[in-house]
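Just below is one structure, and these are the notes that go with it.
The values are calculated or read from the model by the stated rules, or taken from the named source; none is laboratory data. As the structure is a computational prediction, the values presented were derived from the model and not from experiment. Neighbour counts run over all protein chains shown; Cβ positions are idealised from the backbone, glycine included. With ligands, DNA and RNA removed, areas are computed over all heavy atoms of the protein, side chains included. Shrake-Rupley method; radii C 1.70, N 1.55, O 1.52, S 1.80 Å.
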Amino acid sequence: MATSIETGWAEHALETLQAAGHRRGGARTAVVEALARQDCAVTALDLDDELRRRKPPVGRASVYRALEQLEELGLVRRMEVCRGTAGYERIDPDGHHHHHAICRDCGRLERAIGKLSETISFKVTEHDVVLRGTCERCAN
């Protein structure tokens, strides 16, 4: 069952795409719906794997093309998650977002700022943070 955040972002994305002259339906809509279900960054290959299994399947080129269009329209953020691998994360129209700690070895993402904000007394009004390093699992 979709949450209101997922539904809200998906509708916002589809309306923005339509206003930019892109038709609804098909691969582009499937990519938007798949991104709406994600709570963190996802790679194009992960999306491709998911969407190839649906009926009708979505081709890899269509996934990349849709992600490029969504990024150009400011609907998703592209970020490096691991040596040359990009992750894509939706940009919510209400400004809600989170940050990541990215392991340089395995690329595992963890929500970071929420944990940090629990330990300090500081009201953040603007930020753009990606912490890079090595996760506990890879350090051992």
(Q) more than 17 Å from the chain's Cα centre (by Cα), closer than 16 Å to residue 10 by Cβ and at pLDDT below 80: is that true of residue 132 in this structure? (A) no
Q.
Tell me whether the stretch 75-83 contains one or more residues that are without any contact (Cβ under 8 Å) to a residue 40 or more places away in the chain, open to solvent by less than 50 Å² (accessible area, probe 1.4 Å) and assigned to a strand (DSSP E or B).
A. yes
Q: Can you tell me which residue among 27, 41, 61 is over 16 Å from residue 93 (Cα atoms), aliphatic (A, V, I, L, M), surrounded by 12 or more Cβ atoms within 10 Å (Cβ to Cβ) and modelled with pLDDT of 85 or more?
A: 27
